[in-house]
Amino acid sequence: MPPKVPRRTSLRHAAKAVHNPIPFLTENIKNFGKAYSFHIGGVRKGILTTDPEMIQHILQKNNRNYRKSRMQTEILGHYVGKGLLTSEGAFWLRQRRLIQPAFHRSKLNGLVGIVQEEIEKFFSANWKNGGRRELYTDMHHLAFRVVARSLFSTALDDAEILDLSKQISAIQSFVVKRIRQPYLHYWLHLNGQMRHHDRVSASVRQTILDVIRKRKDSGAESNDLLSLLLSVRYEDTGEPMSEEQILDESLILFTAGHETTAVALSWTFYLLAKHPQYLEMIREETPSGGFTSLEEVMRMQMTTQVIEESMRIYPPAWLIDRLSNSDDAVGNFSYPKDTFFIIWIYGLHNDPDLWPHPEVFDPGRFDPALKKARKPFSYIPFGAGPRLCIGHQFAMMEMIQAVAHVATNYNYELIDHDVGLRPLVTLRPKSTVPITVSDLR
Ligand code: HEM
């Protein structure tokens, strides 16, 4: 087993680390190495790793021997259903094969216009010359609207989207509470919180089911993800997905697709405000008439590098978990069945051995010419292996479009220059990141 952090140290850290465990996890890496065993929260035994080889082994080379924890499959699954994010094994693989083509470049190309329209609409309605805004709050609304429109086009009006966003956020916060404070389980039953959130979840599901049924009944073709989900057929049976399955997958795309993107955009704009020379470069490479194709979006080289570097310093999915299905070994270590792993993406992306001066924002690190020299599995903001984020290209496309739009239309300044970390399921900024906005022209 990897070196062990004494239990009393884990317990001491657990009490202090409720709001931000990152300083303690970093200290442990310095003292015990890139992989160490410890008692998570002072209680549950596990291995934390930032070792690229071990990560590659778990996520890719021997991925079949690893499963997700019940936090994702059972607790999150209870609210969002059984689909891509929350299932395992043969069921997951069948869904992944079915849905993957919906995220193919050719299909994303068809979404560039919808995404662009939504971005333009959002900023022109909300960012006014001389106004004060909150980056995180805005990016949250924007990312939710972009997913909603990409999934359902105009089937939901603005008020319905806002309602859905509030309900899904309430469910996500409740899931975080259940995961972080498992000892509250019976209390949450007793005080009616469990029932309340079950009702919220039922209401969300009904809203989405109504959209699916209406679309099916109308037989209308649309250029959105729902149309793709309705049209795909399983390879083995030739059958389409059931209504219930389309509902689960839609809810999962909402859940997985908006908070992560919102966090990444918030940090990117925060870093750009501190390094405005890059805003200038982004302005220069943005086509004057906006984007009409995915190819144009993907040609935005400096913008891509800025976003990549932002997700290196602040990876939205700052950790992922796995459990071993049977005894296994990698490098000098061997461990038994059911060992719990934390793949600590934040630690990996900020490891000075892999990223010299990791605290320095330097998009030049992602110059395509340097990519080959990078150690494999030293940069995994979207995960890796067969369970790589299915929305990674969609997310990059959306973020590039949003960053280019802001750079070419606004100037903005941070009100607070030092924003701390708030690591929940995603690595959120501690504040809402207030800014003042002015028009560029
Ligand atoms: C910056 C934005 C995003 C980040 C950083 C991100 C990150 C991740 C990561 C790390 C995983 C792997 C989790 C694991 O292995 O345990 C994942 C999976 C997933 N993501 Fe994303 N994601 C982003 C955006 C999106 C978007 C926009 C969508 C959909 C529209 C999406 C849908 C999914 C789904 C469905 C999975 C599960 C895939 C599977 O297991 O087959 N994500 N994401």
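The values are calculated or read from the model by the stated rules, or taken from the named source; none is laboratory data. Keep in mind it's a predicted model, so treat the numbers as computed, not measured. Neighbour counts are summed over all protein chains in view; Cβ atoms, including those assigned to glycine, are modelled from backbone coordinates with ideal geometry. SASA here: full protein model, heavy atoms, side chains in, ligands and nucleic acids out. Shrake-Rupley method; radii C 1.70, N 1.55, O 1.52, S 1.80 Å.
Selection of first residues in the range 236-250 that are more than 14 Å from the ligand (Cβ to nearest atom) and of second residues that are in a loop (DSSP other than H, G, I, E, B), restricted to Cβ pairs under 8 Å at least 6 apart or on distinct chains, gives the following pairs, ordered by first then second residue: GLU239/ARG233; PRO240/VAL232; PRO240/ARG233; PRO240/TYR234; MET241/VAL232; MET241/TYR234; GLU244/GLY81; LEU247/GLY81. The single condition from (1) in contact with a Lys or Arg (Cβ under 7 Å, 6 or more places away or on another chain); (2) within 15 Å of the ligand (Cβ to nearest atom); (3) small (Gly, Ala, Ser) that SER37 fails is (2). Determine, yes or no, whether ARG428 is within 16 Å of the ligand (Cβ to nearest atom), charged (D, E, K, R) and within 18 Å of ILE22 (Cβ to Cβ). For ARG428, the condition - within 16 Å of the ligand (Cβ to nearest atom), charged (D, E, K, R) and within 18 Å of ILE22 (Cβ to Cβ) - is met.
For LEU93, the test of being surrounded by 13 or more Cβ atoms within 10 Å (Cβ to Cβ) and of a type in the set (A, V, I, L, M) is failed. For the range 96-125, a residue qualifies if it is open to solvent by 70 Å² or more (accessible area, probe 1.4 Å), within 14 Å of the ligand (Cβ to nearest atom) and in contact (Cβ under 8 Å) with a residue 40 or more places away in the chain, and the qualifying residues are ARG97, GLN100, LYS107. In the set (1) in a loop (DSSP other than H, G, I, E, B); (2) surrounded by fewer than 21 Cβ atoms within 10 Å (Cβ to Cβ); (3) not β-branched (Val, Ile, Thr), the condition left unmet by PRO386 is number (1). In the range 130-144, the condition of being within 15 Å of the ligand (Cβ to nearest atom), basic (Lys, Arg) and touching a residue at least 24 places away in the same chain (Cβ under 8 Å) is met by no residue.
From the list PHE340, PHE333, the lone residue that is in contact with a Gly (Cβ under 6 Å, 6 or more places away or on another chain), more than 23 Å from TRP267 (Cα to Cα) and in contact (Cβ under 8 Å) with a residue 60 or more places away in the chain is PHE340.
Each row is one residue, and each column tells you yes or no for (1) among the charged types (D, E, K, R); (2) at pLDDT below 95; (3) assigned to a loop (DSSP other than H, G, I, E, B).
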{"position": "LEU76", "(1), (2), (3)": "no, yes, no"}
{"position": "PHE91", "(1), (2), (3)": "no, no, no"}
{"position": "ARG94", "(1), (2), (3)": "yes, no, no"}
{"position": "ARG97", "(1), (2), (3)": "yes, no, no"}
{"position": "PHE122", "(1), (2), (3)": "no, no, no"}
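Of the set (1) within 16 Å of the ligand (Cβ to nearest atom); (2) surrounded by fewer than 16 Cβ atoms within 10 Å (Cβ to Cβ), all apply to MET397 but (2). Contact annotation: residue pairs with Cβ atoms under 6 Å, 6 or more positions apart or on different chains, pairing a residue in the range 27-52 that is free of Cβ contacts under 8 Å to residues at least 40 places away in the same chain and open to solvent by 10 Å² or more (accessible area, probe 1.4 Å) with a partner that is part of a helix (DSSP H, G or I) and charged (D, E, K, R), are HIS39/ARG7.
Do we find a residue being hydrophobic (A, V, I, L, M, F, W, C), over 23 Å from the mean Cα position of the chain (by Cα) and either modelled with pLDDT of 95 or more or open to solvent by 30 Å² or more (accessible area, probe 1.4 Å) (or both) anywhere in the range 258-279? Taking every residue of the range 258-279 in turn, at least one turns out to be hydrophobic (A, V, I, L, M, F, W, C), over 23 Å from the mean Cα position of the chain (by Cα) and either modelled with pLDDT of 95 or more or open to solvent by 30 Å² or more (accessible area, probe 1.4 Å) (or both). Residues of the range 314-349 that are among the aliphatic types (A, V, I, L, M) and away from the ligand (no atom under 13 Å from the Cβ): ALA329, VAL330. If I filter the range 350-370 for residues that are outside any helix (DSSP H, G or I), of a type in the set (A, V, I, L, M, F, W, C), more than 9 Å from the ligand (Cβ to nearest atom) and touching a Ser or Thr at 6+ places or on another chain (Cβ under 6 Å), do I get at least one hit? Yes: the range 350-370 contains one or more residues that are outside any helix (DSSP H, G or I), of a type in the set (A, V, I, L, M, F, W, C), more than 9 Å from the ligand (Cβ to nearest atom) and touching a Ser or Thr at 6+ places or on another chain (Cβ under 6 Å). In the set THR154, THR237, only one residue is of a type in the set (Ser, Thr, Tyr), open to solvent by 70 Å² or more (accessible area, probe 1.4 Å) and under 20 Å from GLN100 (Cα atoms); that residue is THR237. If you check SER250, SER288 for being among the hydroxyl-bearing types (Ser, Thr, Tyr) and either crowded, with 22+ Cβ neighbours inside 10 Å or closer than 30 Å to GLU160 by Cα (or both), only one passes: SER250. Name the single residue that is farthest from PHE174 (Cα to Cα) among those in the range 385-435 being among the hydroxyl-bearing types (Ser, Thr, Tyr) and out of contact with any Pro (no Cβ under 6 Å at 6 or more places or on another chain). Here the answer is THR408.
Among the residues of the range 418-441, those identified as out of contact with any helix residue (DSSP H, G or I) (no Cβ under 7 Å at 6 or more places or on another chain) and either assigned to a loop (DSSP other than H, G, I, E, B) or open to solvent by less than 30 Å² (accessible area, probe 1.4 Å) (or both) are ASP418, GLY420, LYS430, SER431, PRO434, VAL437, ARG441. Just one of (1) surrounded by 17 or more Cβ atoms within 10 Å (Cβ to Cβ); (2) assigned to a helix (DSSP H, G or I) fails for TYR186. It is (1). The number of residues in the range 334-379 that are within 18 Å of ASN28 (Cβ to Cβ) and open to solvent by less than 50 Å² (accessible area, probe 1.4 Å) comes to 16.
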